[in-house]
Amino acid sequence: MIRGAIFDLDGTLLDSMSIWDTIGEDYLRSLGIEPRENLRETFATFTLEQAARYYQEHYGVALSVPEILRGIEDMVASAYRQTVPLKAGAADFLRALKERGVSLCVATVTPEPLARAALRRLNVLPLFRDILTCAAVGHGKEEPHIYRAALERLQTKRCETAVFEDALHALATARADGFGAVAVYDSHEPRQAELRALADVFLETYERAGDFWRWAGL
């Protein structure tokens, strides 16, 4: 029986991945500049610093790289604080877990203040025992440190703890470390067949979670 649940945030609980689909164009438009291209495709392999330099070189943005980065970060932060929604059915699913005595924790790459602000606005923050970030733990999700840290907070057994992730690489890390693996569909993960094959349970949506409840013994 599942006693603990560790949730990724972006693409798993929050329908937030689309922010990055348009942030390149949105930032330019905030400066009064109309994009000439699909910047999501242009920036696909860019770091944020490379994208900032591209703005300077190709669009004549006169701001410094740090100023551009602050502008982008402010736009992303505003979305978390004001508009990013939960995925359909997530709030009811979380409350149902809590009512069944399951302890909940968040493990995310998103900065904690933004994660906390979004979950508070969406009225689900009190359901979680803690929010852990990769920055605070000092490791990304290619390694299991954040899941192990969350397990310590939950005080549950690893074999009774499920990790919910939308990204293949993250779920693979949790699965290899002995956690239950619950995959949550998000269109931004292109390797859906591999994700489904890896998972103990695959959730197309939280609104149709019957397979999870049976697997979890709840």
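Data table
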quantity	calculated
Rounded to 5, percent antiparallel among DSSP beta bridges of the chain	5
Mean accessible surface per residue for the chain, computed with a 1.4 Å probe while every protein chain stays in place, in Å²	48
Within the stretch 2-43: backbone nitrogen closer than 17 Å to the Ala88 label point (7 Å, Cα to C-beta)	11-18
Qualifying GluC sites (Glu not before Pro) in the stretch 1-45, DSSP loop, other Cβ atoms within 10 Å at most 12	Glu37
Per DSSP, loop trypsin sites (Lys or Arg not before Pro) in the stretch 16-59 with at most 16 further Cβ within 10 Å	Arg36
Assigned charges on the beta-carbon of Lys, Arg, Asp, Glu; the chain dipole about Cα centre (debye)	920
Cleavage-rule hits (GluC sites (Glu not before Pro)) in the stretch 126-218: DSSP loop, at most 16 neighbouring Cβ within 10 angstrom	Glu142, Glu204, Glu207
Computed [θ] at 222 nm, helices only, for the chain once each DSSP H run of length n ≥ 4 contributes -39500 (n - 2.57)	-13500 deg cm²/dmol
Accessible-area composition of the stretch 149-218, carbon plus sulfur, in percent [1.4 Å probe]	46
Long-range HN-HN contacts of Asp130 with modeled amide H, under 5 Å	Val106
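The values are calculated or read from the model by the stated rules, or taken from the named source; none is laboratory data. As the structure is a computational prediction, the values presented were derived from the model and not from experiment. Glycine also receives a Cβ, built like all others from the backbone with ideal geometry; neighbour counts cover every protein chain displayed. With ligands, DNA and RNA removed, areas are computed over all heavy atoms of the protein, side chains included. Shrake-Rupley method; radii C 1.70, N 1.55, O 1.52, S 1.80 Å.
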